[in-house]
Amino acid sequence: MKTTLRAIAAATGFFALALQFWLEIHIPRAPGLFKSTVNFFSYFTILANCAAALAMLVPLIAQDRGPGRYVSQPSVRTAIAAYLIVVGITYLMFLRYVGDDQGLERVADQLMHYVTPVLFMIDWIAFVPKGRVPWTMIGTSLIPPLAYGIWTMVHGAVANWYPYPFVNATKLGHHGVLMNMAGFLGAFVAVALALVVVDRILGSIQRRGIVEADQQGSR
């Protein structure tokens, strides 16, 4: 079941990413392949979906190697789950009515913002060992969003292009963008904290079940 779910999730994730990239380089007035590629990877949604797709695929093809062991760590998978939850909530609350996505654009949006997060959360709940995520994961999980925020500000200042309206320093000013980023960091902290708490609760339930099973077996 785990292998099947991860294969389906990986295939879905890479299909959505490939479709979105194809759309990105074929939009009207596309700035060229290089700039389109840079812009494509300047969306946090894309980065989170890349991480999720790789986290589903790599254990299937390199389970006992370094990359497979790394992305199989509960803390790593929990951090990716947090990113995907924030991506889904942000799209649902702020972005789904921005623009007029139709056809294949809508398909890509739905897959990346809804389907991939749901599949990843099913995997996280069902197959990731529980009770092993340290509280320090909440802090370390902020490193990628912080790095992304710095990149967004630097790239935006150089290219005068911003991936999301709430980080558009040209319209909001740097103060407004920094306030928005602080809000999103708070959201990352809240989601990561919630996941660690759930991890601890599920881990406790699992351990209690194992103890009770052992006690019944010894009778």
Which numbered condition Gly131 misses (of (1) under 14 Å from the mean Cα position of the chain (by Cα); (2) under 26 Å from Thr4 (Cα atoms)): (1)
Restricting to the stretch 1-41, and then to whatever is surrounded by 13 or more Cβ atoms within 10 Å (Cβ to Cβ) and among the polar types (S, T, N, Q), can you tell me which residue is nearest to the chain's Cα centre (by Cα)? Thr12
Suppose we filter the stretch 87-113 for residues that are in contact (Cβ under 8 Å) with a residue 60 or more places away in the chain, surrounded by 15 or more Cβ atoms within 10 Å (Cβ to Cβ) and within 23 Å of Ile138 (Cα to Cα); how many remain? 2
Some residue of the stretch 136-155 being outside any helix (DSSP H, G or I), modelled with pLDDT of 95 or more and exposed (fewer than 12 other Cβ atoms within 10 Å of the Cβ): yes
Considering the stretch 42-65, residues that are without any contact (Cβ under 8 Å) to a residue 40 or more places away in the chain and surrounded by fewer than 16 Cβ atoms within 10 Å (Cβ to Cβ), and then whichever is nearest to the chain's Cα centre (by Cα), we arrive at Cys50
Does Leu84 qualify as being touching a Cys at 6+ places or on another chain (Cβ under 7 Å) and crowded, with 20+ Cβ neighbours inside 10 Å? no
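Take the residues in the stretch 76-129 that are among the basic types (Lys, Arg) and part of a helix (DSSP H, G or I); name whichever of them is farthest from Gln20 (Cα to Cα).
Arg77
The values are calculated or read from the model by the stated rules, or taken from the named source; none is laboratory data. It should be emphasised that the depicted structure is a prediction, and the values quoted were computed from it without experimental measurement. For neighbour counting, all protein chains shown are included, and Cβ atoms are generated from backbone atoms with ideal geometry for every residue, glycine included.
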